Amino acid sequence: VDSTAIEANTCWPSESALIYGFLSRIHRLLKQQSAYTDVEYASKLVERWLKQIADLHRTINLLPARPGSVAERRKLYRRLLAIAEKAKSKLRELLNARRDEMKSCCIQPSLRIRVDNILKQIDTDFDEAGKAVTSARARVLHAQSVSASEKVFSLADPDAYMIVKGGREPVVGYKPQLG
């Protein structure tokens, strides 16, 4: 019996894209909850940091492979990670300041379920953003190998995994097991 990989419906993972994706989703979900709970949320500072992270991500992606590009990529990642840590801390602070109010507001049960799901997704995104930051720091800044179990591979699919088998091309997907 031989195993095969099933490709996930996801783009090739890069830590800069994942960090930006998780942090911007947290920001967007915090805005979205206000429509259900009337708990206000806005942060121009976080919006500015997210724009800077998006710009750095774009620059990292467009960086050509040439002599000196590794040092340049490391420098860009250092800036991106510093801004990402600040944005993550600020988002966590803003959430913690409002969480009790979000949980205690009197809303319809169907909206309560939505708000609870939003808060659950935000908590998951904080964890995943933390994993992506840690992975990027080790891999890019310290040139260390990071095991696949310590990485995040998809913004939308937490079950997607990097599959490398023999001399074949790596695949982001699933390894089905049949019994």
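Throughout, read-outs are computed from the coordinates displayed, never taken from laboratory work. All values derive from a computational prediction rather than experimental measurement. Cβ placement follows ideal geometry from the backbone for every residue including glycine, while neighbour counts extend to all protein chains displayed.
Key figures for this structure:
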read-out: Given charges at Cβ of Lys, Arg, Asp, Glu: region 69-158 dipole, positive-most of ALA136, CYS106, LEU76; value: LEU76
read-out: Within region 15-76: Cβ-based charge dipole about Cα centre, in debye rounded to nearest 20 (Lys, Arg +1; Asp, Glu -1); value: 280 debye
read-out: Additional length obtainable on full extension of the chain from CYS106 to ASP55, 0.36 nm per residue less Cα span; value: 14.4 nm
read-out: Neighbourhood net charge (13 Å Cβ-Cβ; Lys/Arg +1, Asp/Glu -1) for ILE107; value: 0
read-out: Partners for LYS151 among lysines (Cα-Cα distance below 25 Å; same-chain residues under 8 apart left out); value: LYS51, LYS75, LYS86, LYS88, LYS90, LYS120, LYS131, LYS165, LYS175
read-out: Whole-Hz couplings from phi, Karplus 6.51/-1.76/1.60, listed for region 14-23; x for Gly and Pro; value: 9, 4, 5, 5, 5, 4, 4, x, 5, 5
read-out: Vicinal HN-Hα couplings computed from phi for region 119-130 (Karplus, 6.51 cos²θ - 1.76 cosθ + 1.60; Hz; Gly/Pro x); value: 5, 5, 5, 4, 4, 4, 5, 4, 5, 5, 4, x
read-out: ³J(HN,Hα) computed for each position of region 64-72 - Karplus, 6.51 cos²θ - 1.76 cosθ + 1.60, integer Hz, glycine/proline x; value: x, 7, 8, x, x, 6, 5, 5, 5
read-out: Segments 90-102, 47-59 sorted - mean Cβ within 10 Å per residue, highest first; value: 47-59, 90-102
